[in-house]
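Here the structure comes first, spelled out in structure tokens, and everything after it is commentary.
Each reported figure results from applying straightforward, stated rules to the coordinates on display, with no laboratory input. For clarity, every value in this text was computed on a predicted model and none was experimentally measured. Cβ coordinates were reconstructed from backbone atoms using ideal geometry, including for glycine residues, and neighbour counts include every protein chain displayed.
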Amino acid sequence: MSFRCQACGYRSPKWLGRCPQCGEYGTFVEEPEGSPVPPELSVQEPPKPLPEVPAPPPERLSTGFPEVDRVLGGLVPGAVVLFGGEPGIGKSTLLLQLAANLADRYGKVLYVSGEEAPPQVKLRAQRLGRESPNLYLLSTQELLSILNAVSRVAPIALVVDSLQTVLADPGGGEVGSLSQVRESAAQLSRAAKTAGILTFLVSHITKEGGFAGPKTVEHLVDAAVYLEGIREGDLRILRCVKNRYSSTAEVAVLEMTEGGLVEVPNPSLFFVSKGAGPRPGTAIVPVLEGTRTLLVEVQALVTPAGGYGPPQRRMAGLDLNRTLVLLAVIEKHLGVHARALDVYLAVAGGLEVTEPAADLGICTAILSSLRDRPLPLDTVVLGEVGLAGDLRPVRKGPERLQEVAKLGFRRAVLPHQPLPKKLGLEVVQAKTLRESMEALELL
Ligand code: TYD
Ligand code: MG
């Protein structure tokens, strides 16, 4: 017997209160030594007359969602995709849509749900208007039943919803425990490889953003994607965190509608206030949240101060002290008499922005409002502003700009810092706040 941390997989010969690898408390669970020998999967079909033998699937499969295909980097038979996301974000919905599309195009698809009964899944398929006759449903939590069903149906694609509901080894701990999740993922990927079946493994993610039963599963799969919500609305981002077949920087933007998830072809429109056109006093900034880039709109309203007492300084979603410093820098280095101005600042969408990388965005919004001159809608600004009026490089500049380009923006103003040649957008690099304001025609 040995003990294993359910958070990171660390193994120890004795029980530990705190995991020395990941630092979590109370995560050790006793586990039998060595994993059970899995039954090898063989897709044994009876011989068939030639006309009934299905044509081999094409080299690359399409899900019918071009953006999703791009994120997944071209699906090949036998590829295993880990599909993560918080509960309720739309994983089952999207995978049912993908499964139905694949079934319509290429042949049988087996959708296994450990959470919902077939009638429930059917109801969802009906709501989505996707009742493909080639889509096979099964409700089970037992790995053996899944593998048997795979042998019987011989699908071209398999969806397992979710890994946390698959019981691989009846004697090996609770369903959803790390050992079960790991064992299920290992056996399912082996089956996928052996039989050349494109396989999607749904995985709930923990609050911290990791896959439950995390790294030990990720190394078993060819691609890992997350479905994430942004703001409180219906937008979803499908983001690749690992891909054996293509660049991991790709994202797809989707919207949850009555008819399921639909691709948003022009995502940049969702990040600026809709229908308003260019407005003075706004600047779009690509900020980082963890590893993800979010585009936020910084809004400023600058008016002449009333005259009595100190001028107004009101912030929503921004740090007051940081902004006071920026106003002093604007006063000193741009020659703006900031003390005579009331300044109101906000971040649209209720987000909290604390990154210094948003400095330039704040200054830009202030100047834009002061001059009553809007920025072009396709422009983002990014950079830390120093006390000497200089612009400082930002963390993960290339990653942010890649995302910005992907989301449809065409121009970025930022500090001098190393950037890759091909970013797909015009880059204006400035040494100082003054230079950047000149580039934006705000001085
Ligand atoms: P679901 O796919 O069940 O999420 P997950 O599998 O990630 O837990 O989707 C959950 C939400 O999606 C649910 O609140 C209802 C909503 N929804 C729609 O808005 N439109 C639809 O067509 C469907 C099927 C679901
Ligand atoms: Mg679900």
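Compactness ratio for segment 61-265: Cα radius of gyration over 2.2 N^0.38 Å (N = residue count) comes to 0.93. Distance from the alpha carbon centroid of segment 91-131 to that of segment 343-398 works out to 44 angstrom.
Principal semi-axes of the equivalent ellipsoid, √(5λ) from the alpha carbon gyration tensor of segment 317-376, are 18, 14, 10 Å from largest down. Cβ distances below 4.7 Å define possible disulfide partners, and in the chain the cysteines left without one are Cys240, Cys363. Using alpha-carbon pairs under 8 Å, 6+ residues apart, how would you state the relative contact order of the chain in percent? That works out to 12 percent. The residue among Ala185, Leu138, Ile330 whose Cα reaches farthest toward the positive pole of the charge dipole of the chain, with charges on the beta-carbon of Lys, Arg, Asp and Glu, is Ile330. Spin-label model, Ala388/Arg279: points 7 Å from Cα along the beta carbon direction are separated by 3.8 nm. Taking label points 7 Å from Cα along the Cα-to-Cβ direction, Ser145 and Ala340 give a separation of 7.8 nm. Model label sites at Tyr308 and Arg127, defined 7 Å from Cα along the beta-carbon direction, differ in position by 5.8 nm. Would the chain count as rounded, prolate or oblate if I go by the C-alpha gyration tensor, calling it rounded below 1.5 in a/c and otherwise prolate when a/b exceeds b/c, oblate otherwise? Cα axes put the chain in the prolate bin. Since only Tyr111, Pro310, Ser2 are under comparison, the one whose Cα sits farthest along the positive direction of the charge dipole of the chain, derived from C-beta charges on Lys, Arg, Asp and Glu, is Pro310. At full extension, Arg395 and Glu52 could sit 117.7 nm farther apart than now, given 0.36 nm per residue minus the alpha carbon distance. Computed about the Cα centre, the dipole magnitude for the chain is approximately 780 debye when only Lys and Arg (+1) and Asp and Glu (-1) carry charge, each at its Cβ. Taking the Cα centre of segment 61-265 as origin and assigning +1 to Lys and Arg Cβ atoms and -1 to Asp and Glu Cβ atoms, the resulting dipole is close to 480 debye. Computing FRET efficiency as 1/(1 + (r/R0)^6) for Tyr245 and Ala328, where r is the C-beta to C-beta distance and R0 is 56 Å, gives about 0.65. Separation of the alpha carbons by more than 24 angstrom is noted, of Lys193/Lys422; Lys396/Lys431; Lys242/Lys422; Lys193/Lys242, for Lys193/Lys422. In terms of the mean number of neighbouring beta-carbon atoms within 10 Å, the peptides 361-369, 92-100, 182-190, 168-176 order highest first as 361-369, 92-100, 182-190, 168-176.
Here the alpha carbons of segment 90-198 define both size measures, Rg and Dmax, at 13.4, 41 Å.
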